[in-house]
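Chemist: Mind having a look at this structure? Questions to follow.
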Amino acid sequence: MNWNPRLPASVLGVSTSSQGVAAVGDFLDVFADEPLRVSDFEREHAGPRVLAILAPPPAPLIIEAASFQIEFDRPVYNFDGSDLVILHHNTQHSGVAVSGSESSYVATVSGLSGYGCFTVSVHTLSDVADAEGRLMLDSVTSEQVFVDHGPAVEGEGEAEAFHSADWTRDYEIGLNELLRMIQLFNAGAYHCAIPAVSTDDGYALGFNVARQQCRPHSGDYAPQNWRINLTEMLRVVQFYNAGGLYACLEGEDGFCAGPNPSATPLVIPR
Ligand SMILES: [Ca+2]
Ligand SMILES: [Ca+2]
């Protein structure tokens, strides 16, 4: 509507927000065939917004790519990979592809690596616009997507850099870390926490066969069965008593007890 106040004195009140403009008073639509008189006036001038970003289901965790269903509240133009905000927590990606049209799109984030999680949203300062040229107003953020391409290599003859029980990554088993290992032992079984960052060590207590896609706990080695037995728990007690542990190929579990003789301890904050 192309409106004009009929008389300045007839405008009783005007309010605006990021969503629209509303006015109370006496107006004429000056471009209508027949001058149209309206008393109250309201018009949205808000740009398009993202209603939903649906992340893929949480498993498997060792994934190369993840696709997100993105729904806008109206048809939009100019939406491509450069309009995505991909927020990584210890993960990386190498490619983004967007397909779809109108108000429904699929964004695929590929070349995933690292050990952590990431989220996807649509940039609000972008060239995405609706048919009337209104630019993006708002976006939601997807659920976290967990990726496990851990620093360790599972190949023969290669050791993990850090023991799962040493989640502070200082090559020592602290009292908290020891108590956590005893807790895993007492619980009888454990599984992958989703997202991994929701617990200190990335694991949760109890048996859950649907949540065994992450790297098993380093202390779960004799045998590796998603349970910490007495032998496995006592091995971490040994690290605690020895004042440290470090990766070594001759260790039964890929680790040796004692301070690392060859390296200055790295402190990697989590
Ligand atoms: Ca530690
Ligand atoms: Ca075990």
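Chemist: Determine whether Phe207 is within 16 Å of ligand 2 (Cβ to nearest atom) and modelled with pLDDT of 95 or more.
Modeler: no
Chemist: Moving on. Given the condition free of Cβ contacts under 8 Å to residues at least 60 places away in the same chain, closer than 30 Å to Pro56 by Cα, outside the structural domain of Glu143 (by TED's automatic domain parsing) and basic (Lys, Arg), answer yes or no: does some residue in region 195-213 qualify?
Modeler: No, because not a single residue in region 195-213 is free of Cβ contacts under 8 Å to residues at least 60 places away in the same chain, closer than 30 Å to Pro56 by Cα, outside the structural domain of Glu143 (by TED's automatic domain parsing) and basic (Lys, Arg).
Chemist: For Pro223, which of the numbered conditions (1) more than 15 Å from ligand 1 (Cβ to nearest atom); (2) closer than 17 Å to Gly174 by Cα fails to hold?
Modeler: (2)
So that you can scan it fast, the table gives a plain yes or no per residue for (1) touching a strand residue (DSSP E or B) at 6+ places or on another chain (Cβ under 7 Å); (2) closer than 30 Å to Asn208 by Cβ; (3) modelled with pLDDT of 95 or more:
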residue	(1), (2), (3)
Arg49	yes, no, no
Pro60	no, yes, no
Ile63	yes, yes, no
Gln69	yes, yes, yes
Leu87	yes, yes, no
Gly116	yes, yes, no
Ser126	no, no, no
Glu132	no, no, no
Ser139	yes, no, no
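Chemist: Within the bounds of region 147-168, is there any residue that is within 16 Å of ligand 2 (Cβ to nearest atom), in contact with a helix residue (DSSP H, G or I) (Cβ under 6 Å, 6 or more places away or on another chain) and not in a loop (DSSP other than H, G, I, E, B)?
Modeler: Within region 147-168, none of the residues are within 16 Å of ligand 2 (Cβ to nearest atom), in contact with a helix residue (DSSP H, G or I) (Cβ under 6 Å, 6 or more places away or on another chain) and not in a loop (DSSP other than H, G, I, E, B).
Chemist: Can Phe79 be described as part of a loop (DSSP other than H, G, I, E, B) and of a type in the set (Phe, Trp, Tyr)?
Modeler: For Phe79, the condition - part of a loop (DSSP other than H, G, I, E, B) and of a type in the set (Phe, Trp, Tyr) - is met.
Chemist: Would you mind stating whether Leu249 is outside any loop (DSSP other than H, G, I, E, B), more than 13 Å from Tyr171 (Cα to Cα) and either modelled with pLDDT under 90 or out of contact with any Leu (no Cβ under 7 Å at 6 or more places or on another chain) (or both)?
Modeler: The answer is no for Leu249.
Chemist: Please indicate, with yes or no, whether at least one residue in region 184-192 is closer than 14 Å to Tyr240 by Cβ, surrounded by fewer than 16 Cβ atoms within 10 Å (Cβ to Cβ) and not hydroxyl-bearing (Ser, Thr, Tyr).
Modeler: no
Chemist: Follow-up question, since we're still on this one. If you scan region 169-183, which residues turn out to be surrounded by fewer than 15 Cβ atoms within 10 Å (Cβ to Cβ) and more than 16 Å from ligand 2 (Cβ to nearest atom)?
Modeler: Within region 169-183, Gly174, Leu175, Asn176, Leu179 meet the criteria.
The values are calculated or read from the model by the stated rules, or taken from the named source; none is laboratory data. All of these numbers come straight from a predicted model, not from anything done at the bench. FYI the Cβ positions are ideal-geometry reconstructions off the backbone, even for glycines, and counts take in every protein chain you see.
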